[in-house]
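The values are calculated or read from the model by the stated rules, or taken from the named source; none is laboratory data. Quantities reported herein were computed from a predicted structural model and do not represent experimental measurements. Because the Cβ atoms are built from the backbone with ideal geometry, glycine has one as well, and the counts that use them run over all protein chains shown. Note: accessible area is taken over every heavy atom of the protein model, side chains too, but ligands, DNA and RNA are not part of it. Shrake-Rupley method; radii C 1.70, N 1.55, O 1.52, S 1.80 Å.
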Amino acid sequence: MIFNLFGNSNNPVVIMLAGSFCPAESMELVYKELEKDYYVIAPTYNGCHENSKDFTSRQGEAAEICTYIKERKIATVKMIYGQSMGCEIGLELAYQLIENGIVVENGFFDGAPCASLPKPMRRVMLSVFRNCLNAFRGKTLDETMNIRLVKIMSNKNPEALKPMIEPILIIAPYLTDKSVKNQVECCYTFDFPQFASSVEKNFHFFYGGSEKAYRLSYKGTRKSYPNADYIIKKGYGHCTYMTKNTEDYIKLLYEIMMPCSKA
């Protein structure tokens, strides 16, 4: 795992967690703004960079990040931010940090695919992601915009996913089949760790109303975390509001972390 660090280490800490098969660079639109006022820690998961061991599991990746935070004696995390699979790792990380006496003030989870699918469905999703990654390999960024899954995820607006897909093309040669399998298991075996209501009320789940993660996961997530805040943006695909409305998106993050802030 690589820990990418941005901003002044004396500022409040924000941990940013990318989606499936994505390095930290896929979140650059966000962290290049947050680093002005926050110390951003953005891990690139195991399996998602050159000369890396395979991606482990939701619990394993979170544990490695938790250890990193503990070793640096960080007592408070201002926000855990997650995209897609990073939401599930983020919730697991929040649970582990709190268990270790570290304060987690806020969570922001964009496109959280929180679900536990039966094994046959997980096999289907593994096949889908294998085919998608195979289609990515050797392609230019513009060529990937025509891939069917990209069009579906983006609600027929693939250009909105370009900032996330471009880094995937760089790391695609390093993604082993074991890492792909383990990330599918991470996504679709979610066990909904439980939190005190005082913690849960500071969690914010953000969905595009047209994304599959919303249709798949919203009801179960709301049932498991009834005290959390839910923000639904109609007409948007998976993690596309961030790229199409970046200024408003960053403003929302600032408002959560710093009410009445300048952003």
Please state which of the following conditions Ser179 fails to meet, knowing it meets all the rest: (1) closer than 24 Å to His49 by Cα; (2) in contact with a Ser or Thr (Cβ under 7 Å, 6 or more places away or on another chain).
(2)
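Residue-wise test of (1) in a helix (DSSP H, G or I); (2) closer than 16 Å to Leu17 by Cα; (3) free of Cβ contacts under 8 Å to residues at least 60 places away in the same chain; (4) of a type outside the set (A, V, I, L, M, F, W, C).
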| position | (1), (2), (3), (4) |
| --- | --- |
| Gly47 | no, yes, no, yes |
| Glu61 | yes, yes, no, yes |
| Tyr68 | yes, yes, no, yes |
| Met121 | yes, no, no, no |
| Ala135 | yes, no, yes, no |
Filtering region 93-116 down to residues that are part of a loop (DSSP other than H, G, I, E, B) and open to solvent by less than 30 Å² (accessible area, probe 1.4 Å), which residue is farthest from Lys73 (Cα to Cα)?
Ala115
Taking region 138-193 and keeping residues more than 20 Å from Cys114 (Cα to Cα), in a loop (DSSP other than H, G, I, E, B) and open to solvent by 20 Å² or more (accessible area, probe 1.4 Å) leaves Gly138, Lys139, Thr140, Asn146, Ile147, Lys156, Asn157, Thr176
Restricting the first residue to region 145-163 and requiring it to be among the charged types (D, E, K, R), which pairs with a second residue that is open to solvent by less than 60 Å² (accessible area, probe 1.4 Å) and part of a helix (DSSP H, G or I) meet a Cβ separation below 9 Å and a spacing of at least six or different chains?
Arg148/Cys132; Arg148/Ala135; Lys151/Pro158; Glu159/Thr243; Lys162/Leu141; Lys162/Thr144; Lys162/Thr243
When every residue in region 215-231 that is open to solvent by 60 Å² or more (accessible area, probe 1.4 Å) and outside any loop (DSSP other than H, G, I, E, B) is compared, the one farthest from Leu149 (Cα to Cα) is Lys223
